[in-house]
Amino acid sequence: MLRPDGMQREGAALVLSNARTGREQWHRAMPNTFAGAVMFSPDGRTLVSVGAEVRAHDVATGRERWSSGGPSSLAVAFSRDGQRVYLSSPGGTLRLLDARTGKVVWGEPDRVNPGSAEYYRSGAFYNRPQALAVHPAGTLVVSGSFGGGIVLWDALTGKRTGALTDRPSSRRATQAALAGKTAHGGRVTALTFALDGTLISGANDGTVKRWNVETGQKLAEAPLPEGVQGSALLPSGRGVLVTSGRTVVQLSLPDLRRERVLVGHAEKVWSLGLSGTALWTSSADGTAKRWNLKSGLDEATHGTVKTAAVSPDGQTFALNLGDTTVRLTDARGHTLRILRGFLPPRTRFDSIGSRSLAFSPGGQTLTGGITTMFHMTMERYPAGSTVYLWDVLGERGARTLSGMPGDALTFSPNGQQLLGVNLRQGQVPAYGVRRVADGGVVAAPCQPYRPDGQPTGAKCPPEEVRGVSWVGNRAYKLSLEQDGGQRPAALVRDLVTGGVRVALGKVWNNGPAMGLSPDGERVVSLAGNGLQVWDGRTGRSLRVWPEFVNPAPSRGGPILFSPDGTTFTFPGPDLRLHDTATGRLLGEQKGAGEALGFIQGGQSLVTLNERGVQVWRIRQGN
C-alpha cells in the first residue's frame, strides 16, 4: 500500500506500508515539489513517481534506482512487459524511458515553457495530458488532457496518430468541447482499457465513456454528476470501478450500467488499485481502505485517529479515522464492531469535531456528531448538524437527532440527557439538550436561521458560548454576553430556564475556555491572561495563574473535570492536571496531546495525538 504524504516537515514523502497490517515499511523524503503520479511496475518490484523529476524506487527497500530530470511530468504508464515507462509533459508531448536505467529512448522537451505567457496563449495549458493508458496489444498509448481531449499515440515511435471527439453532454463544457474538438467537456482524469481493446474514459465533466479506438466511435456513456477521479478494470474484465466524489461506482461492461456504489470515505477518493479480489482506495479524508469486492464492504481502514472516545471503564475504544465509520476496539486494539453510516456522503462538506464521540456513563450507548459545512470562497461555516446514537452491544440500530449540535457531546451523569455544542459560528445552534430515550428537546437557544439558511425573524442576543457543564443532571452554559462595554460580561446560565447562576463580570475576551465544576463550587477560565479560578456561587476571583494560557484560543474550551470535581485539565499539546479549588498544577506530561477526558472514576486520563489514543494513570498524592 502506497501513501504519498505531503504533510511532512521536510516536504513531500513516499510511504510504503504493508497492505495487510498497515505497518509502515519505508519512508522516503522527496523534493518539495508537486507529485503528479505514482505507479508500480507490472512485476511489482519498481515504483516510479513523477513530478518535477522522475524517480524509480526499489519496492522492497525504498532505495532509489535512478532519477531523470528534464521537463516535469504529469502522468506515467508502464509498457505491458514493464521494460519501458511512458511519461507525459505539461506541453502535451510524450517521452519514453528505459525502466531499468531511466535513459530517454525517445521524446523531446516541451517547445513552450510551461507557465510562460506563450504557454497560455498557445493553448498548450489545455492540452497537457493528465492521464495515460497503454493498449493491451502494446502498440497504442492514449493520453487524456486537461482540456478534455483524448489523443492516440504510436507506442513504438511516439508519433500522434489521432484523437477522439464527441459533443459534450455537460453544461460545464469548455469552448473546445462545445465546438466538438474534444472527447469530454472537462479534464480527463481516468483512462482504462477493457480486455477487448475498447477504451473507458472518465472526466470531471461528470461522464464516463467507452470508445472504439480504431474507428473513434463512442459506444456507451454513463453520467456521474460528481465527476471522476480514477478508474480500474475489474479482474474479471466484466466491469470497471470508477471513483466519483466520495464513492466508488461499479459499472458493467460493455453498457456502463451502474451496478453498485461503495460508500465509506468522507472526502474525495483520489486513487484506487486492485490486488486480486481486494480493492484499495485512498482519500482526501486521510485514510486508505481495503474493500472486499464480493461484499462491497470496507474490511480495513488505515490512517491517523481523528476523533476518539473511551468507555468509562477503559475497556472499549471508539475510533474514527476521518472516514464514515466508527471502529469499536478492546484495550488491545482488537476490533469488536464497525459502526457504518457515520458521515454519509453529501454534496456539501461534512466535519467531525475533535470531541464528537462520547460514551454514556454506563458505557452502553455511544454518540457521535457531524456538522455539515457551507463552503464559501475562503471559509467554511456550519450550516447543519446531526447526532447519532448507537447501541454499543449492537442490539439496536443507530438513531439520529437532526439539528443537534455535535462538535462536542456529553451525557448527563444519569445518562438520560445529551448535551451538544457547536464550537464555530454559523447557522447551527450554539448548544442543545435532548432526551436520550426519545430525542425530545430539553433546551435549545434562540435560532436566527433555519437549517436552509433562511432567517427565522428571531431577535437573538449576541453571545459566545465558551463552555458547557453538568452540575448534577442540570446543564449550564458559560457565555460572554455583550452589554455595550469594551469587554463582554461572563455569565453562567441554566440551559433550561435561562436563569443566571452566577455572574463573573468583565473577563479577558481573548478566547477564554470556561467550565463549571460538577459540584458548582468553582468556575475555571483559561484565556490570554492566564488561568483563573472563581467562586462558583459569588463570582469572586480567587486566584490567577498567568503562566498558564489558552493553547487554542480560537476554539474556546473545554475545561474537563474529574468525576469528583477535585481536579481538571484542558486540551493542548501538553497534558496538565490542576487542583480545582486553587488552580495549582498537580502534574504534567509533555507532548501527551489532546485531552479527551477522565475514565475509571477519575483514576485515568485519555489523550489523543499523532501516535493515537493513550491512557494515562493518575498517581495520587502529587
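Taken together, the values in this text are just the output of simple stated rules run on the coordinates, not laboratory data. Values in this document were obtained by computation on a predicted structure and should not be read as measured data. A quick note on method: Cβ atoms are made from the backbone with ideal geometry, for glycine too, and the neighbour counts reach across all protein chains shown.
Here the 3J(HN,Hα) profile of segment 261-274, calculated from phi with Karplus coefficients 6.51, -1.76 and 1.60 at θ = phi - 60°, is 10, 9, 10, x, 8, 9, 10, 4, 8, 8, 8, 8, x, 10 Hz, Gly and Pro shown as x. Shown here for segment 518-616: trypsin sites (Lys or Arg not before Pro) in loop regions (DSSP other than H, G, I, E, B) with at most 15 other Cβ atoms within 10 Å, namely 537, 540, 584, 590, 611. For segment 111-221, the gyration tensor built on C-alpha atoms gives an oblate shape. Its axis ratio a/c (a ≥ b ≥ c) is at least 1.5, and a/b is not larger than b/c. Karplus-derived 3J(HN,Hα) values for segment 181-186, using 6.51 cos²θ - 1.76 cosθ + 1.60 with θ = phi - 60°, are 9, 10, 7, 10, x, x Hz; glycine and proline are entered as x.
Greater than 26 Å separation of Cα atoms is the criterion. Which listed pairs, 181/209; 103/218; 103/159; 506/590; 459/506; 268/306, meet it? Violating the 26 Å limit, Cα to Cα: 103/218; 506/590. Karplus-derived 3J(HN,Hα) values for segment 293-303, using 6.51 cos²θ - 1.76 cosθ + 1.60 with θ = phi - 60°, are 5, 6, 8, x, 9, 7, 8, 8, 10, 10, x Hz; glycine and proline are entered as x. Using the Cα gyration tensor of segment 509-622, with a ≥ b ≥ c the square roots of its eigenvalues, what is the shape: rounded (a/c below 1.5), prolate (a/b larger than b/c) or oblate (neither)? Oblate. Loop sites here are GluC sites (Glu not before Pro) outside DSSP states H, G, I, E and B with no more than 11 other Cβ atoms within 10 Å. The longest part of the chain free of them is 11-213. Could you please state, rounded to a whole Å, how far the C-alpha centre of segment 141-195 is from the C-alpha centre of segment 266-314? After rounding, the separation between the Cα centres reads 32 Å.
Summing Cβ point charges (Lys, Arg +1; Asp, Glu -1) relative to the Cα centre of the chain gives a dipole of roughly 420 debye. Of the trypsin sites (Lys or Arg not before Pro) found in segment 253-345, the ones in coil according to DSSP and having at most 10 other Cβ atoms within 10 Å of their Cβ are 294, 332. Residues whose amide H lies under 5 Å from that of residue 219, counting only those 5 or more places away or on a different chain, are 210, 211, 212; hydrogens are built 1.01 Å from N in the peptide plane. At q = 0.09 Å⁻¹ the log10 of I(q)/I(0) for segment 2-234 amounts to -0.38, computed by Debye summation with a single uniform scatterer per C-alpha, solvent ignored.
When the helices of the chain are scored as -39500 (n - 2.57) per DSSP H run of n ≥ 4 and the total is divided over every residue, the value at 222 nm lands at -500 deg cm²/dmol. At q = 0.20 Å⁻¹ the log10 of I(q)/I(0) for segment 12-107 amounts to -0.96, computed by Debye summation with a single uniform scatterer per C-alpha, solvent ignored.
What the Cα convex hull of the chain gives, in volume per residue, is 179 Å³. Taking amide H as placed 1.01 Å from N in the peptide plane, residue 99 has its amide H under 5 Å from the amide H of 84, 85, each at least 5 places away in sequence or on another chain. Placing +1 on each Lys and Arg Cβ and -1 on each Asp and Glu Cβ, with no other charges, gives segment 509-622 a dipole about its Cα centre of roughly 80 debye.
Close amide H pairs (under 5 Å, H built 1.01 Å from N) link residue 530 with 550, residues at least 5 positions away or on another chain.
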